[in-house]
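Here's the structure, in structure tokens; my notes come after.
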Amino acid sequence: MATRRTFISGADLEVPLRALRAALRVPDEFGPDVLAAAASASWSRDSRTDATDIPLVTLDPEGSRDLDQAFALQSVGSGLRFHYAIADVGAFVAADGPLAAEAAKRGETLYLPDGRTPLYPTVLSEGAASLLPDGERPAVLWRLDLDADAEPRKVEVRRAIVRSRAQLDYQSFETADPDSAVLLRRFGELRARRERERGGISLNIPEQDVVPADGGGWELESRTPVAAEDWNAQLSLLVGMAAATMMIDAKIGLLRTMPKPWHRTVGSLHRTAAALGIGWPEGTPYAQVIRGLDPAKPAHAAMIRLASALFRGAGYVAFDGEVPAQTRHAAVAAPYAHATAPLRRLADRFVSEVCLAVSADVAVPDWARSGLPQLPHLMAAADNHAHQVDRAVVNLAETVLMQDRVGEVFDGVIVEVEGDHGEIQLREPAVRARIDGSGLPLGHSVSARLATAEVKTRTLVFVPA
């Protein structure tokens, strides 16, 4: 994993972060009725399978507490058996209670460097409902029997009692649990092969985050995901695909969809590849070209960032009785549903309830069925808000970091060009910002002078040196 970090003092960021929370209407603390409902919520063992013998583990970023999923893989003949436990939020949340009402307003968890703003109070999301390895938990437990190519041949989902054996992180996973790591690698590589065959694609875009620093303050972090993160993502992806298939067959549910890229967008990307000196043989699908890119190479990194334009227009579609015409997710290249993060995303609790009912061949609960039509609107608003917050936090951190360096010259790579301006990724520090000027050399190294650094508006502007 290529990771770059730049320190930002806590004093410099504390006050602007409070202002950002207010400007972007980040929710305040939960009200007393919501906190009381969370504190008194409990789950029942009735009608649950005891699955505490399954050796489940969680795999998340180091220090995570809101653990939505735990998995176990085992070899069975030439194939694999895959167990996936998903936090059963429905065991704690009354459909007509204050927890459900507040979650509908928030939509999803927001992550800020001075503390996350959770979908549910932390007594649940980081405690009783989280799949921490400190005791038994209620879970929605999926079992998928996979063939030698990691394709599902049998799928079951039920409510269960589970116990996670260990909380693992991406950095230490392969040494902490080598047996699980071997099976997850096998699974992940097989599923990545299936993804390629479907024409699906996962963009390996370097991530920018603001994270707490050891000893106080924060760090602006730029990193490329490690292989274990990709393998782990394939676990969630497969369950989301299985959930979508199950709901489509039952003609009720909630899908995450994405239209195919416009021909004009693909054509533009094709021309960009030529400008960057990246080979794109005639007739080669865009997914194949993008999968072959190396984010460590400046021109390739620029191409990967621009390729994100292919995957716009993602949304949710709810249905009951008639399957929608658009069921596929273009990046997944298959029908897909958000099913695996109910502690952090409202929609997933409804998907779990539908799949449980379908698997048991019983009626979908009235509250879930009646709530489906509102979810596309609620989740679209929540997604948009979360993206605004994420980008604003990074912009703020970058501006605070650079506010005293106006006039200095930095080396970087042009990663985007549009008309008379573009975007530059500095080599050091890990800052990405606007650069003004026409004729910018996309994918090339340049020197740029910092012209503007305005903390109040979170604005950074560079010009060619």
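The values are calculated or read from the model by the stated rules, or taken from the named source; none is laboratory data. In this text the structure is predicted, and so the values were computed from the model without any measurement. Cβ: placed from backbone, ideal geometry, glycine included. Neighbour counts: every protein chain shown. Protein only, heavy atoms only, side chains kept; ligands, DNA and RNA dropped before computing areas. Shrake-Rupley method; radii C 1.70, N 1.55, O 1.52, S 1.80 Å.
On inspection, ARG65 does not qualify as assigned to a helix (DSSP H, G or I) and either over 20 Å from LEU401 (Cβ atoms) or not hydrophobic (A, V, I, L, M, F, W, C) (or both). Are any of the residues in region 177-190 open to solvent by 50 Å² or more (accessible area, probe 1.4 Å) and in contact with a Ser or Thr (Cβ under 7 Å, 6 or more places away or on another chain)? The answer is no; no qualifying residue exists. If the condition is being among the hydrophobic types (A, V, I, L, M, F, W, C), over 14 Å from VAL394 (Cα atoms) and in a helix (DSSP H, G or I), then region 20-32 contributes ALA22, ALA23. Of everything listed in (1) β-branched (Val, Ile, Thr); (2) modelled with pLDDT under 95; (3) farther than 16 Å from GLY199 by Cβ, the single unmet condition for VAL317 is (2). Scanning region 335-364 for residues that are over 18 Å from the mean Cα position of the chain (by Cα) and either open to solvent by 40 Å² or more (accessible area, probe 1.4 Å) or at pLDDT below 95 (or both) yields a total of 6. Taken together, ALA129, ALA139, ALA95, ALA91 contain a single residue that is in contact with a Pro (Cβ under 9 Å, 6 or more places away or on another chain) and either buried (at least 24 other Cβ atoms within 10 Å of the Cβ) or among the β-branched types (Val, Ile, Thr) (or both), which is ALA129.
All of ALA160, ALA181 fail the test of being part of a helix (DSSP H, G or I) and either closer than 22 Å to GLN74 by Cβ or modelled with pLDDT of 95 or more (or both), apart from ALA181. Looking only at residues in region 255-277 that are under 22 Å from the mean Cα position of the chain (by Cα) and open to solvent by less than 20 Å² (accessible area, probe 1.4 Å), the one that is farthest from ARG153 (Cα to Cα) is MET258. For region 30-84, the candidate set comprises residues that are open to solvent by 80 Å² or more (accessible area, probe 1.4 Å) and of a type in the set (D, E, K, R); within that set, the residue that is modelled with the lowest pLDDT is GLU62. Scanning region 381-439 for residues that are buried (at least 19 other Cβ atoms within 10 Å of the Cβ), part of a loop (DSSP other than H, G, I, E, B) and at pLDDT 90 or above yields a count of 0.
One line per residue, one yes/no per condition, for (1) modelled with pLDDT under 90; (2) among the aromatic types (Phe, Trp, Tyr); (3) part of a helix (DSSP H, G or I):
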position: VAL239; (1), (2), (3): no, no, yes
position: MET247; (1), (2), (3): no, no, yes
position: GLY253; (1), (2), (3): no, no, no
position: ALA274; (1), (2), (3): yes, no, yes
position: GLY283; (1), (2), (3): yes, no, no
position: ALA299; (1), (2), (3): yes, no, yes
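For region 199-213, the condition holds for at least one residue, the condition being that it is in a loop (DSSP other than H, G, I, E, B), open to solvent by less than 20 Å² (accessible area, probe 1.4 Å) and in contact with a strand residue (DSSP E or B) (Cβ under 8 Å, 6 or more places away or on another chain). Checked against the criteria, VAL455 counts as among the β-branched types (Val, Ile, Thr) and in contact with a Ser or Thr (Cβ under 8 Å, 6 or more places away or on another chain).
Contact map, region 175-196: residues that are polar (S, T, N, Q) paired with residues that are open to solvent by 80 Å² or more (accessible area, probe 1.4 Å), Cβ distance under 7 Å, separation 6+ or inter-chain. No pairs are found.
Any residue at all in region 238-254 that's crowded, with 18+ Cβ neighbours inside 10 Å and of a type in the set (Lys, Arg)? Among the residues of region 238-254, not one is crowded, with 18+ Cβ neighbours inside 10 Å and of a type in the set (Lys, Arg), which makes the answer no.
If the requirement is being surrounded by 15 or more Cβ atoms within 10 Å (Cβ to Cβ) and in a loop (DSSP other than H, G, I, E, B), which of these qualifies: VAL317, VAL332? Answer to the selection: VAL332. Using the structure shown, decide if ASP114 is over 20 Å from LEU343 (Cα atoms), touching a residue at least 24 places away in the same chain (Cβ under 8 Å), of a type outside the set (Gly, Ala, Ser) and part of a loop (DSSP other than H, G, I, E, B). No: the conditions fail for ASP114.
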